[in-house]
Amino acid sequence: MSAAATRGLPVRTRVRVQGTVQGVGYRPFVFRIAGEEGLAGYVLNDEHGVLVEVEGAASAVRRFVERLRDDAPPLAAVDRVTCEPMAPAGEPGFRILASERAGAPDALVTPDTATCADCLAELLDPNDRRHRYPFINCTNCGPRFTIVRGVPYDRPLTTMAGFRMCAECRREYEDPRDRRFHAQPNACPRCGPTVAALDAGGSPVSTGAVDTIGWVASRLAQGAIAAVKGIGGFHLVCDAADESAVSALRSRKHREARPFALMVGDMEAARGLVSYGAGDERLLCGIRRPIVLALRVPDAPVAPSVAPAAPELGVMLPYTPLHHLLTRDFAAILRARHPGHPAALVMTSGNVSDEPIAFRDADALDRLRAIADLFLLHDREIETRTDDSVIRTVPIAGPHSDGEVQATRPLLLRRSRGYVPGHLELPVAAARPLLACGAQQKNTFCVAKGSRAWVSHHIGDLDHYATLAAFREGIAHFERLFAVSPQVVAHDQHPDYLATSYALDRPDVEHVAVQHHHAHLAACLAEHGVGAETRAVAAIFDGTGYGSDGTVWGGELLVGGLTGFVRAGWLRPLRMPGAAAAIRQPWRMAAAWLAEAYGEPRALPAALVGRVDPGRWAAMTQVAASASVSPLTSSMGRLFDAVAAMCGLGAEVSYEGQAAVELEAAAWTAPRHVGEYWFDRQGPVLDPRPAVRQASIELERGVSPDLIAARFHAGLARVTVALSTELAQSHNVEIAVLSGGVFQNRLLLETVGRGLHRAGLRVMIPERLPPNDGGISFGQAAVAAAISA
């Protein structure tokens, strides 16, 4: 304690607060607790977070510093608080000063958050000046990441810079006691953004006496398809119960089979569609508002085309004022016209097929006019496009990333709006700033410096030029936003990935190549805080990844950690007929695996008669014999494709993994405990030929596809648990990792996870990142940081 404090004299302390502390009401919070403690000084935002100087009685200063972390606002996340003694200045009162900009920014930008209860109450209050204003927000909610152009997070560096606040909004914005103090998107109907309705040709529409959102809701109830501009891009929207509208949307969007997401107004409506557990409901109602996947209730009242052949539905609740108004108006119209009619809206990404979602008005009017009957626009620009995040929960007992044991765990399938740009901690700090470029499919990138890593929003598949452009633009934006000038660039070993080409084109940097499946393992270990000295056994099952031996991997059992791995087991390799063509035509994999299982070509299965030409089927044997067009693969995803095609599920598909999704859906409809198929073991090689033969024989006997699917899942789960447990014992490791795109399969993940848990292993699955290639970039960053330490 200082001499001044001992004598009861005032003391002064400079306090640096770092973490997610800008744009979340932290400065007014500091102002309030300084007043409560009777302290003088100031607070301001700068490039590193929040800076405070506080002066007063030593005991009050001590309490004040403790409260900075303990009583922080709900959206804040305080990483560290550091203090430095200062000479007392004797200044009166406590002030909030303007932000300072000097040096490289280090402050954390916050994700977009769902409309808070206070703003929602005002939105629905006819006596409030913001009644039905679709851009209502405060420091506790609203857009952040999607509107920010730079740091510090102040209005001039957002897309709200062009909207001049009226006197009332300005008063709220400048009053530290108001919850809208320095809420950068603060606005009202007099001074803020506005909405407009346009027809498919882009001409303004007169809505008469009905307000714009109410008019759009009425058109949706009549069967129209609308392109609606949200917080991170456009959605294509229609009545989820109207088969004519949903099938028209599917046809126009060229989305043949992938399920559509739904939006409903409240939890009561959500429970009418899907079976939720407590964990699901917390996710649905939380501030991030992702799409939550859960098993649909029997006879869920949605059109068949919403999610054909899928056992689950993806549902989200409104997360912006505009969505609250649209869902409420739509529900009110349906109640009046059709009592008991379900009020659910299809809310799918505003794009064609696999293109990036539209987020600029002109681009949306150009690309979506052939899909939408009308447009609902607004004049607040979106700086960064973000898709909706997608998540499900899985009942696997074990440690959560925060160390607590729980019965169910979250499994992110797409990490974007609501989660990005929240940072993750690297277990081994990066000695030099780095960039990790991710994979070709489901791409994300990652920038990192020190112990912090920022994984990007979902970019998508880089095969499309527009997606590749978004990838390049996104990297440049993140490098500016987080002041990262990479000296190390990590990338996949695949020489033909466009992300790899981009990485290798970066000059004056050290390049680090990271094997694809090692990146999956490292990403899971790193998000759980596992350091470089710890090893794990990992089942990494996915579609394709470039192997260290030059073949296509995908059914791997690895033992290793951040700095390296050994391939300790793998699925028996076979040739993939026609290479990438087999991904969209799973019947090719069925022909290859049947020939492999029996040692000779097999006749076209009955389920594929009339769907596959017998001549093409027979030709696959010759195609598979050609090493130049049919690479060796150990892909688990392609094995799922083969079994699905044998069952007549997904002979030809519109997206990778569709056949596997349909096989899982069939398995869910089978009774439990119906037996399992046998997978052989030949040293480190997992041999599925006995299972393929059993499935073939039972199909010839007329056994239903749901039983075939269930027995295949059960047999694969058993052998995965057995081999993983043996490897854990022989390599003396206690952690088992399950990752890769195949482990998006809830049935397989649950069954394997339970088996490993019962075997005494600590089971780790990706929870804050996707198990698919959306997590690859973080794994690359973790490996690059660890081997460079």
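Some observations on this one:
- Remark: pairs (first residue in segment 449-463, on the phi > 0 side of the Ramachandran plot; second residue at pLDDT below 95; Cβ separation under 6 Å; 6+ apart in sequence or on different chains) = 460/356; 460/467.
- Within segment 659-689, being within 21 Å of residue 574 (Cβ to Cβ) and open to solvent by less than 20 Å² (accessible area, probe 1.4 Å) holds for 659, 663, 677, 679, 686, 687, 688.
- Residues being free of Cβ contacts under 8 Å to residues at least 40 places away in the same chain and within 30 Å of the chain's Cα centre (by Cα) - total across segment 117-133: 2
- None of 87, 76 is over 41 Å from the mean Cα position of the chain (by Cα) and in contact (Cβ under 8 Å) with a residue 24 or more places away in the chain except 87.
- Any hit, segment 629-648, residues being among the aliphatic types (A, V, I, L, M), open to solvent by 20 Å² or more (accessible area, probe 1.4 Å) and modelled with pLDDT under 90: yes
- Picking from residues in segment 421-479 that are over 17 Å from residue 527 (Cβ atoms) and among the hydroxyl-bearing types (Ser, Thr, Tyr), the one that is nearest to the chain's Cα centre (by Cα) is 467.
- Taking the criterion of being at pLDDT below 95, farther than 16 Å from residue 384 by Cα and surrounded by fewer than 17 Cβ atoms within 10 Å (Cβ to Cβ), the only residue of segment 146-173 that qualifies is 156.
- Selection count, segment 770-784, where residues are in contact with a helix residue (DSSP H, G or I) (Cβ under 9 Å, 6 or more places away or on another chain) and farther than 11 Å from residue 442 by Cβ: 6
- Subset of segment 298-310 (residues that are of a type outside the set (S, T, N, Q) and open to solvent by less than 30 Å² (accessible area, probe 1.4 Å)): 300, 302, 303, 306, 307, 310
- Within segment 184-203, the residues that satisfy the criterion of being in a strand (DSSP E or B), touching a Ser or Thr at 6+ places or on another chain (Cβ under 8 Å) and crowded, with 18+ Cβ neighbours inside 10 Å are 195, 197.
- From 472, 415, residue being open to solvent by 50 Å² or more (accessible area, probe 1.4 Å) and of a type outside the set (S, T, N, Q): 472
- Cβ-Cβ under 6 Å pairs, at least 6 apart or on other chains, segment 493-504 side crowded, with 17+ Cβ neighbours inside 10 Å, far side aliphatic (A, V, I, L, M) and not in a loop (DSSP other than H, G, I, E, B): 493/513; 498/468; 503/489
- Positions within segment 421-451 being touching a Pro at 6+ places or on another chain (Cβ under 6 Å) and not in a strand (DSSP E or B), in sequence order: 422
- Qualifying residue in segment 365-375 (condition: of a type in the set (Asp, Glu), open to solvent by 20 Å² or more (accessible area, probe 1.4 Å) and within 18 Å of residue 146 (Cβ to Cβ)): no
- Flag if residue 529 is at pLDDT below 95 and open to solvent by 10 Å² or more (accessible area, probe 1.4 Å): no
- For the condition open to solvent by less than 30 Å² (accessible area, probe 1.4 Å), among the hydrophobic types (A, V, I, L, M, F, W, C), over 21 Å from the mean Cα position of the chain (by Cα) and at negative phi, residue 332 does not qualify.
- The set of residues in segment 204-225 being out of contact with any Asp or Glu (no Cβ under 7 Å at 6 or more places or on another chain) and open to solvent by less than 20 Å² (accessible area, probe 1.4 Å) consists of 216 alone.
- For segment 242-290, a residue qualifies if it is of a type in the set (Phe, Trp, Tyr) and modelled with pLDDT of 95 or more, and exactly one does: 260.
- The set of residues in segment 538-585 being among the aromatic types (Phe, Trp, Tyr) and buried (at least 24 other Cβ atoms within 10 Å of the Cβ) consists of 541, 553.
- Boolean, residue 249 is hydrophobic (A, V, I, L, M, F, W, C), crowded, with 16+ Cβ neighbours inside 10 Å, in contact with a Cys (Cβ under 9 Å, 6 or more places away or on another chain) and under 28 Å from residue 380 (Cα atoms): yes
- So residue 462, is it part of a strand (DSSP E or B) and not basic (Lys, Arg): no
- Given (1) in contact with a strand residue (DSSP E or B) (Cβ under 7 Å, 6 or more places away or on another chain); (2) in a helix (DSSP H, G or I), index of the condition residue 623 fails: (1)
- Residue match in segment 538-554 (condition: assigned to a strand (DSSP E or B) and free of Cβ contacts under 8 Å to residues at least 24 places away in the same chain): no
- Flag for residue 749 being under 22 Å from residue 530 (Cα atoms) and surrounded by 18 or more Cβ atoms within 10 Å (Cβ to Cβ): yes
The values are calculated or read from the model by the stated rules, or taken from the named source; none is laboratory data. These numbers come from a predicted model, not from an experiment. FYI the Cβ positions are ideal-geometry reconstructions off the backbone, even for glycines, and counts take in every protein chain you see. Just so you know, the surface numbers come from the protein's heavy atoms only, side chains and all, with ligands and any DNA or RNA stripped out. Shrake-Rupley method; radii C 1.70, N 1.55, O 1.52, S 1.80 Å.
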